[in-house]
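Structure first, commentary second.
The values are calculated or read from the model by the stated rules, or taken from the named source; none is laboratory data. Every value quoted in this text rests on a predicted model; they were computed, and no experiment measured them. So basically every Cβ, Gly included, is an ideal-geometry build from the backbone, and we count neighbours across all protein chains shown.
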């Protein structure tokens, strides 16, 4: 995986803490974009941000981004329901 340097113009009077916050938010935005474009897995995205798997899931929740990007395969669900029904299991 390669690194992408990003140059962001900022005011000269930012404190080091503000610069760090801007850098962190920009990195998060880029990683979230890559994850949503299906270019990174959850684990890869978490690693890129230096956080754990579950922390990345929390970040998605904080941003209102759903973890599941595609709904279930309707044909697979129907097939599973038929198998369960054939075995006498109730389907809801």
(message) Just to be sure before I move on: is residue 59 under 10 Å from the mean Cα position of the chain (by Cα), more than 22 Å from residue 1 (Cα to Cα) and in a helix (DSSP H, G or I) in the structure I sent?
(response) yes
(request) Determine which member of the set 44, 17, 81 is at pLDDT 95 or above, over 22 Å from the mean Cα position of the chain (by Cα) and either in a helix (DSSP H, G or I) or surrounded by 11 or more Cβ atoms within 10 Å (Cβ to Cβ) (or both). (result) 17
